[in-house]
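The values are calculated or read from the model by the stated rules, or taken from the named source; none is laboratory data. None of the values given here were measured: they were computed from a predicted structure. A quick note on method: Cβ atoms are made from the backbone with ideal geometry, for glycine too, and the neighbour counts reach across all protein chains shown.
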Amino acid sequence: MAPPTTPAAEAPAVTARPRAAPATPSSPAPIPTLLDFHPLEDPRFTEIAAFFDHLRAGRFSTTRCRRDGRLLWPPRTVCPECHRSELEWVDLPRHGRIYAFSAVLAGAPLGMEEAVPFAVGLVDLDGVPLRLFGRIEGRPWTELAIGAEVNVEGFDLPDGRIFYRFRARPASPGAPG
Amino acid sequence: MSERPEVAVAGGATTRFGVRAATWSELVQEAGRRLFEAIPELRAEEVDSLFVGAAEPERFAFQSHVAPLAAELLGLKPRRILQRTELACASGQSAIRSAYAAIAAGLSDVAVALGVEKMNLPSMAEANTSMACVMDRPWDGAHGATAPPFFAMVAQRHMREFGTTEEALAAVSEKNHRFANSNPDAQFHAKSFSREKLRGLPLVAPPLRLGDCSSMTDGAAAVLVVRGDLARKYTSNPAWIRGTGQYSDWHNLANAGDLTDWVGLRQAGREAFRSAGIGPADLDFAELHDCFSISEIVAGEALGFCPAGQGGAYALDGKSSLGGEIVVNPRGGLLGCGHPLGATGIAQAVEVYRQFAAEVPPERQVPDPEWALVHNLSGSANVHSLMVYQRGG
C-alpha cells in the first residue's frame, strides 16, 4: 500500500492545465459533450480533478477514507460507507494481473470505432483489493491470457485530456500468459 | 390495517419486435391498439394509472417526459399515478412492479404497464454509445464497456472455472431461437439457427459470437394490471402476482466481485420464492434474461435450477426445453425475440399470461403450467429483478 499523500481536501489549486488542442484540418470532428465518454477533467467541472493531474505526473491514484480506511474506486468526494468527506489521495500500484478479458470486435460506440478491434479486461492490482476495468494496450487480444501481467499507464487523448489504460507486458520466456 | 389486495395481470399484447419502420410513438400506439384488441372489455376511462417502462428515450428517440406522451398516444387520462420507470434492461418489469405496488397499496385499481424502446438508428454507433452509458460512463464506459465485452468476461470465467463449452452457449441460443419460430412477433421468427450455424457466426466479443448476443430491437408491449376482485371483468385467466424480489449491490465494474456467482440474483431469488411461498422446483417455466447465452446459464444456477457450474449441462441435456425440468424462455427469449430494453420485461409477462391461458402455439406451450418466474437483469448483471406468477384457478 502506498503511503498517504496530499489529503483531498487540502490539495493545492491547479493552475497550469493543458487546454484542449486546437482543431487541425486532420482532426476528427469533436464529439458533443453528452456523447463523449471521457470525464471532464477540469476543476471547473469536477472536484476530483487531482486524479488527472496525478496521472499526468505519472501517479495512479484514488481516494481513501481516513475514518474507515476504505479504498474508494473511482475517486469519490464522500465515503459511501461512513458518509463523511474526510478523504485523502493515495497512490495505487501500477501493476497487476488479468482476471478476465475480452475484446470489442464490433458494436463500438462513437469515438471508438477506429480503434476496433481493441482488448478490454478486469485487472487485479497488486497488493490492494481493487479489480479495475480498462482498455488493454500492447498486445492483441489473441495474445492475452488470464493471469498475464499488465502495467497501468496514462494515455493521452487527442484533445489534451488524459486517462488510464493497461499495457500488457511484451512476451518473455517463462512469463505467465 | 386491512389486508393487502391481490393483484393480477389481466391480459397483454406486444408489437412485432425487430428492425421496425416505426418511430417510438408509433410503437407505443401499436402496442396500445393490440392491448385493447386483446382485452375487448377494457375501456380507456377505466384505466386510472399508467406506468411507462422506457430505458433511454432521451438517447434513442431524443424525447423526455415520455409518460404523458404515451398517455396521449393511448388515449388515457391517468388520474391516480402517471410515471416513467427506468432501470435500463429491466425498465419494463419496473413498470409492472410499480403498478403492482400501487395497487397493493390501494393507490390504483386498474393500471396499464407499457414498455417501449426504439433502438435502431441511422447511426448504430450512436445507439452503441447509448448502450455504453448504462455502465459507469466516465470510468467503465470510457474504456469501451458495453454489454458484450462484460458478458464475454463472464463466459470466459465460467469456461475456465467450470469447463463450460461454446457448444453449451450454442445450445441455449439454439433452443431460444427454436422457440422464437413459434412466436410471430419475434425478431428472429422463421429463421433457422442450428448449433453448427451459431458456432460459425462471427465473434462479437470473444468468446461470444453474434448468436450469443441479443439484438438492438424496436418494440413495445403492454399489460393490464388490476386489483384482484376486478380481474374477472377482463379475463377468465388472470395471472396472479404472488411474489417479487430485487437486489442491487454495485454499479462500477470494480465492485463486481466474482463474475460467475451472481450473489445479487441469489439474494433476489430467495426473496421472490419466500414471498410466493414456493421453491424453484415448483416452477413450470421461467422467462430468464438471456441478453446473452451465458446469462441464461449463470442465472439458472443462481436461481437454484441446477448446481453452480451446471448451467451449461442443464441446456445441453435438454432440461430447459419442453419435456425437461423447468422450461426456460418458451417465448423465444431475448436471443430469439430481440431486446427492446423497456419492452422486454412486459413482453415476458405477456408470455406468462398467454402460457397460463393456453393461447400460444403447441410448439412452445408448457403443459398445464401453474407457476412461472420472470427475471430481468440490468446493466452488467449488477441489478436483478424477479416476479413470480401463479395461474388463476
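For B:Tyr353, all conditions in the list (1) under 15 Å from B:Gly92 (Cβ atoms); (2) surrounded by fewer than 24 Cβ atoms within 10 Å (Cβ to Cβ) hold save one; what is the number of the exception?
B:Tyr353 satisfies all of (1) under 15 Å from B:Gly92 (Cβ atoms); (2) surrounded by fewer than 24 Cβ atoms within 10 Å (Cβ to Cβ) except (2).
Check the stretch B:55-76 and report whether any residue there is of a type outside the set (Val, Ile, Thr), surrounded by fewer than 18 Cβ atoms within 10 Å (Cβ to Cβ), touching a Ser or Thr at 6+ places or on another chain (Cβ under 6 Å) and within 30 Å of B:Trp240 (Cβ to Cβ).
Checking the stretch B:55-76: not a single residue is of a type outside the set (Val, Ile, Thr), surrounded by fewer than 18 Cβ atoms within 10 Å (Cβ to Cβ), touching a Ser or Thr at 6+ places or on another chain (Cβ under 6 Å) and within 30 Å of B:Trp240 (Cβ to Cβ).
With respect to B:Asp212, determine if the residue is facing another protein chain (nearest Cβ under 8 Å), of a type in the set (Asp, Glu) and buried (at least 24 other Cβ atoms within 10 Å of the Cβ).
Taking the combined requirement at face value, the residue does not satisfy it.
Which ones in the stretch A:65-109 are more than 16 Å from the chain's Cα centre (by Cα) and of a type in the set (Lys, Arg)?
Listed by number, the residues that qualify are A:Arg66, A:Arg67, A:Arg70, A:Arg84.
Which of the residues that make up the stretch B:251-294 are of a type in the set (Val, Ile, Thr) and either within 14 Å of chain A (Cβ to nearest Cβ) or in contact (Cβ under 8 Å) with a residue 40 or more places away in the chain (or both)?
Within the stretch B:251-294, B:Thr260, B:Ile278, B:Ile294 meet the criteria.
It is to be established whether one or more residues within the stretch B:87-96 are within 14 Å of another protein chain (Cβ to nearest Cβ), closer than 19 Å to B:Thr23 by Cα and part of a helix (DSSP H, G or I).
For the stretch B:87-96, residues within 14 Å of another protein chain (Cβ to nearest Cβ), closer than 19 Å to B:Thr23 by Cα and part of a helix (DSSP H, G or I): absent.
Looking only at the stretch B:335-344, count how many residues are closer than 16 Å to B:Ser182 by Cβ and not in a loop (DSSP other than H, G, I, E, B).
Qualifying residue count for the region: 3.
Out of all the residues in the stretch A:79-96, which are touching a Ser or Thr at 6+ places or on another chain (Cβ under 9 Å) and in contact (Cβ under 8 Å) with a residue 24 or more places away in the chain?
A:Ser85, A:Leu87, A:Glu88, A:Trp89, A:Val90, A:Asp91, A:Leu92
Working only within the stretch A:32-60, note down all residues that are at pLDDT 95 or above and within 17 Å of A:Phe133 (Cβ to Cβ).
Of everything in the stretch A:32-60, those that are at pLDDT 95 or above and within 17 Å of A:Phe133 (Cβ to Cβ) turn out to be A:Phe51, A:Leu55, A:Phe60.
Let's see how each residue does on (1) out of contact with any Pro (no Cβ under 7 Å at 6 or more places or on another chain); (2) within 11 Å of chain B (Cβ to nearest Cβ):
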site: A:Val90; (1), (2): no, no
site: A:Gly96; (1), (2): yes, no
site: A:Ser102; (1), (2): no, yes
site: A:Leu105; (1), (2): no, yes
site: A:Gly111; (1), (2): yes, yes
site: A:Gly121; (1), (2): yes, yes
site: A:Ile136; (1), (2): yes, yes
site: A:Leu144; (1), (2): yes, yes
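Let's see how each residue does on (1) free of Cβ contacts under 8 Å to residues at least 40 places away in the same chain; (2) away from every other protein chain (no Cβ under 11 Å); (3) acidic (Asp, Glu):
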| site | (1), (2), (3) |
| --- | --- |
| A:Pro30 | no, yes, no |
| A:Glu41 | no, no, yes |
| A:Thr46 | yes, no, no |
| A:Ala49 | yes, yes, no |
| A:Leu55 | no, yes, no |
| A:Gly58 | no, yes, no |
| A:Ser61 | no, yes, no |
| A:Arg67 | yes, yes, no |
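Residues being closer than 30 Å to B:Pro122 by Cβ and more than 9 Å from chain B (Cβ to nearest Cβ): count how many of those fall in the stretch A:146-163.
So the answer is 4.
Yes or no: B:Ala44 within 30 Å of A:Glu113 (Cα to Cα) and either surrounded by fewer than 18 Cβ atoms within 10 Å (Cβ to Cβ) or within 21 Å of the chain's Cα centre (by Cα) (or both)?
no
In the stretch B:216-232, which residue that is out of contact with any strand residue (DSSP E or B) (no Cβ under 8 Å at 6 or more places or on another chain) and more than 11 Å from chain A (Cβ to nearest Cβ) is surrounded by the fewest Cβ atoms within 10 Å (Cβ to Cβ)?
Filtering first and then ranking leaves B:Asp229.
Out of all the residues in the stretch B:289-325, which are part of a loop (DSSP other than H, G, I, E, B), farther than 21 Å from B:Gly279 by Cβ and among the hydrophobic types (A, V, I, L, M, F, W, C)?
If the condition is that a residue be part of a loop (DSSP other than H, G, I, E, B), farther than 21 Å from B:Gly279 by Cβ and among the hydrophobic types (A, V, I, L, M, F, W, C), then B:Cys291, B:Leu322 are the ones that fit.
Checking the structure you have, find out if any residue of the stretch B:247-270 is aliphatic (A, V, I, L, M), over 30 Å from A:Phe133 (Cα atoms), modelled with pLDDT of 95 or more and crowded, with 18+ Cβ neighbours inside 10 Å.
no
Collect the residues in the stretch B:108-161 that are in a loop (DSSP other than H, G, I, E, B) and more than 10 Å from chain A (Cβ to nearest Cβ), keeping them in residue-number order.
Scanning the stretch B:108-161 gives B:Ser108, B:Asp109, B:Lys118, B:Met119, B:Asn120, B:Leu121, B:Pro122, B:Val134.
Looking at B:Ser248, B:Ser194, which is the one that is touching a residue at least 60 places away in the same chain (Cβ under 8 Å) and among the hydroxyl-bearing types (Ser, Thr, Tyr)?
Answer to the selection: B:Ser248.
Considering the stretch B:80-103 alone, what residues qualify as being more than 16 Å from B:Ala222 (Cα to Cα) and surrounded by fewer than 21 Cβ atoms within 10 Å (Cβ to Cβ)?
Correct list: B:Arg80, B:Ile81, B:Ala101.
Within the stretch A:114-137, is even one residue in a loop (DSSP other than H, G, I, E, B), buried (at least 23 other Cβ atoms within 10 Å of the Cβ) and on the phi > 0 side of the Ramachandran plot?
Within the stretch A:114-137, not a single residue is in a loop (DSSP other than H, G, I, E, B), buried (at least 23 other Cβ atoms within 10 Å of the Cβ) and on the phi > 0 side of the Ramachandran plot.
Tell me which residues, restricted to the stretch B:233-250, are away from chain A (no Cβ under 14 Å) and assigned to a strand (DSSP E or B).
B:Ala239, B:Trp240, B:Ile241, B:Arg242, B:Gly243, B:Thr244, B:Gly245, B:Gln246, B:Tyr247 - these are the residues of the stretch B:233-250 that are away from chain A (no Cβ under 14 Å) and assigned to a strand (DSSP E or B).
Search the stretch A:123-134 for residues being of a type in the set (D, E, K, R) and within 17 Å of B:Val154 (Cα to Cα), and hand back the single one that is farthest from the other protein chains (Cβ to nearest Cβ).
A:Asp124
Considering only residues that are touching a helix residue (DSSP H, G or I) at 6+ places or on another chain (Cβ under 6 Å) and farther than 28 Å from A:Ile98 by Cα, look in the stretch B:190-209 and name the one that is surrounded by the most Cβ atoms within 10 Å (Cβ to Cβ).
Across the stretch B:190-209, the extreme among qualifying residues is B:Leu198.
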